[in-house]
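> I'd like to ask you about the structure that follows.
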Amino acid sequence: ATRVIDSFSDGIYLAPGTSATVERSEITRPGRYGVSSFDATLDMSSTIIEDPGGPGVWVQCAAGCDCPSELQANISDTALRGSAIVGVSLVGVTATLDNVEVSGTTVGNNFEAGGGVSISHCADVIATNLTIEDSADFGLLVHDAALALDGGTIEGNLRGVWVQSISISLAGGVSARHTTVARNQGVGF
């Protein structure tokens, strides 16, 4: 259990080739990312990330669809509030999201995005009980990736669920079951 408050840069930075387990922790007002994990493996549970200057959690294989190894991200029982640019970004990784809440994502300093959860570039994600609320732009974006969503709420965003370029680089698709999509301004699904 760790509390990180007002860090100048990232709340937690994972160097390439490393892995970390973050449990029962609190990350408040980091200057950049709440957690940045490029070419590293992340397991996070029972954690709160509030008001980062940039993305809440970003997990990425730098090679995207050409990732030489299977990078993992597992996030459970975690809340991300007031992130800038994106709450959670998963790029080229295999991930699970369970009981994750992303709320109040805003645009970045240069008016970038403001989305809740972005899954892209051959990421393969299983999400259960996912809540995404009140994002300035998209709630859930899936681009050239696979997603199995079972349960949750996506509401009060500009665009609810936005799916594009599916199965271009990765076999699979997108499924959404037992999920409420409501009060999104421009697009529901």
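The values are calculated or read from the model by the stated rules, or taken from the named source; none is laboratory data. Since this is a predicted model, take the numbers as computed values, not measurements. Here Cβ is always computed from backbone atoms with ideal geometry, including for glycine, and neighbour counts include all displayed protein chains. Heavy atoms of the whole protein, side chains included, go into the accessibility calculation; ligands, DNA and RNA do not. Shrake-Rupley method; radii C 1.70, N 1.55, O 1.52, S 1.80 Å.
> Please enumerate the residues belonging to the stretch 1-25 that are closer than 15 Å to Leu80 by Cα and crowded, with 16+ Cβ neighbours inside 10 Å.
If the condition is that a residue be closer than 15 Å to Leu80 by Cα and crowded, with 16+ Cβ neighbours inside 10 Å, then Val4, Asp10, Gly11, Ile12, Val22, Ser25 are the ones that fit.
> So, one more: Please verify whether Asp134 is under 13 Å from the mean Cα position of the chain (by Cα), open to solvent by 30 Å² or more (accessible area, probe 1.4 Å), of a type in the set (Asp, Glu) and more than 19 Å from Ser45 (Cα to Cα), treating the condition exactly as stated.
Criteria not met by Asp134.
> Mind checking whether some residue in the stretch 80-90 is open to solvent by 10 Å² or more (accessible area, probe 1.4 Å), free of Cβ contacts under 8 Å to residues at least 60 places away in the same chain, more than 23 Å from Gly152 (Cβ to Cβ) and small (Gly, Ala, Ser)?
Looking through the stretch 80-90, none of the residues is open to solvent by 10 Å² or more (accessible area, probe 1.4 Å), free of Cβ contacts under 8 Å to residues at least 60 places away in the same chain, more than 23 Å from Gly152 (Cβ to Cβ) and small (Gly, Ala, Ser).
> Here are Ser135, Ser89, Ser76, Ser118: which of them is of a type outside the set (A, V, I, L, M, F, W, C) and touching an Asp or Glu at 6+ places or on another chain (Cβ under 9 Å)?
None of the other options fit; the residue is Ser76.
> Would you mention how many residues in the stretch 147-172 are of a type in the set (Gly, Ala, Ser), on the phi < 0 side of the Ramachandran plot and at pLDDT 95 or above?
The number of residues fulfilling the criteria is 2.
> Pick from the stretch 33-58 the residues that are assigned to a loop (DSSP other than H, G, I, E, B) and over 20 Å from Ser120 (Cβ atoms): which of them is least open to solvent (accessible area, probe 1.4 Å)?
This residue is Thr47.
> Continuing with this model, one more query. Looking only at the stretch 68-77, decide whether some residue is surrounded by 20 or more Cβ atoms within 10 Å (Cβ to Cβ) and in a strand (DSSP E or B). Spell out the reasoning first.
The initial filter retains those residues of the stretch 68-77 that are surrounded by 20 or more Cβ atoms within 10 Å (Cβ to Cβ), namely 71, 73, 75.
Now narrow it down to the ones that are in a strand (DSSP E or B): 73, 75.
The answer is yes, given that some residue of the stretch 68-77 is surrounded by 20 or more Cβ atoms within 10 Å (Cβ to Cβ) and in a strand (DSSP E or B).
> Can you report the number of residues in the stretch 155-172 which are over 16 Å from Leu90 (Cβ atoms) and open to solvent by less than 30 Å² (accessible area, probe 1.4 Å)?
Final tally of qualifying residues: 3.
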